[in-house]
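These notes are about the structure you will find just below.
The values are calculated or read from the model by the stated rules, or taken from the named source; none is laboratory data. The model shown is predicted, which means the values in this text are computed figures rather than measured ones. Don't worry about glycine lacking a Cβ; one is built from the backbone with ideal geometry, like all the others, and counts go over all protein chains shown. Heads up: the accessible areas ignore ligands, DNA and RNA and are worked out on the full protein's heavy atoms, side chains in. Shrake-Rupley method; radii C 1.70, N 1.55, O 1.52, S 1.80 Å.
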Amino acid sequence: MKLNILKARVKRNNLEKYAGRHYRDETSQIVKSLNEEGKKALLGIQKKDGIYTILGEEVVYYLTASGNKGELPISTFLDILHAEGLRKGNIAIYRFVKIGDEKVWICSKFTMSALMNTMLWLETQLDKE
């Protein structure tokens, strides 16, 4: 994974700007923790109460408000976000996306969009490998 290209993509997508204080990169504790568990975490968002949505090289890792940890392949998470966008439309408020009985935090519609664009890039990187 070329981290310098990923960082440029994140900057272009304004993920860091839209997520603000919730943005987490490879230097953050949650990303380090996930990687110590053998995950391939890269970056994402985390609330001060610990709830997170972190993008990995191949999957999205999340912790819900109910304390359940999970992970989904990037393509599956993208499909869910796309369906949510079609269902709610552009003027809706986006804070969480429903996955089964759980709600995964996405912060805002702008953050969701930036995450989706970053995941689309990550997905193309998987196809190249």
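Among the residues of segment 41-100, those identified as of a type in the set (Phe, Trp, Tyr) and either open to solvent by 20 Å² or more (accessible area, probe 1.4 Å) or part of a strand (DSSP E or B) (or both) are 52, 61, 62, 96. For first residues located in segment 105-125 and basic (Lys, Arg), partners that are at pLDDT below 95 and lie 6+ apart or on another chain with Cβ distances below 7 Å form the pairs 109/94. Among the residues making up segment 9-18, those that are farther than 17 Å from residue 41 by Cα and part of a helix (DSSP H, G or I) are 11, 12, 13, 17, 18.
For segment 1-40, taking the residues that are of a type in the set (A, V, I, L, M, F, W, C) and open to solvent by 50 Å² or more (accessible area, probe 1.4 Å), the one that is modelled with the lowest pLDDT is identified as 1. In this structure, residue 87 does satisfy being at pLDDT below 95 and not acidic (Asp, Glu).
Please go through segment 101-123 and give me each residue that is open to solvent by 60 Å² or more (accessible area, probe 1.4 Å) and polar (S, T, N, Q), ordered by number. Within segment 101-123, 117 is the sole residue that qualifies. Residues that are among the charged types (D, E, K, R), assigned to a strand (DSSP E or B) and under 21 Å from residue 18 (Cα atoms) within segment 101-129 comprise just one, 103.
For segment 30-40, what are the residues that are of a type outside the set (D, E, K, R) and part of a loop (DSSP other than H, G, I, E, B)? The answer is 38, and nothing else.
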